């Protein structure tokens, strides 16, 4: 995505929080701006790699272009499949569930 696209998304009034790494986000004149690790402002047309959960891309689909790579299942589906294949039965007898 272009830096300008990411900045538009993080400045949208409906985006309450965002986890990120590999860059810095600073507020300049009331707007969040992307910076490199050294604190230099990134040009609006600079391209950066963005990885998003399927939740973000489905809820805010109008904000994102067609992804470069997709998977056949959602993150939740992959997690459920893994747990069904690898988790043994849990014996809850005597378990204090009031904690």
Exercise. Taking residue 17 as the residue in question, decide whether it is under 17 Å from the mean Cα position of the chain (by Cα), modelled with pLDDT of 75 or more and part of a loop (DSSP other than H, G, I, E, B).
Key: no
Quiz item: Residues 65, 49, 69: which one is modelled with pLDDT under 75 and within 16 Å of residue 2 (Cβ to Cβ)?
Solution: 65
Quiz item: Quick one: in region 26-51, which of the residues that are within 15 Å of the chain's Cα centre (by Cα) and surrounded by 14 or more Cβ atoms within 10 Å (Cβ to Cβ) is farthest from residue 62 (Cα to Cα)?
Solution: 48
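The values are calculated or read from the model by the stated rules, or taken from the named source; none is laboratory data. It should be emphasised that the depicted structure is a prediction, and the values quoted were computed from it without experimental measurement. In this analysis, Cβ positions are derived from the backbone assuming ideal geometry, glycine residues included, and neighbour counts consider all displayed protein chains.
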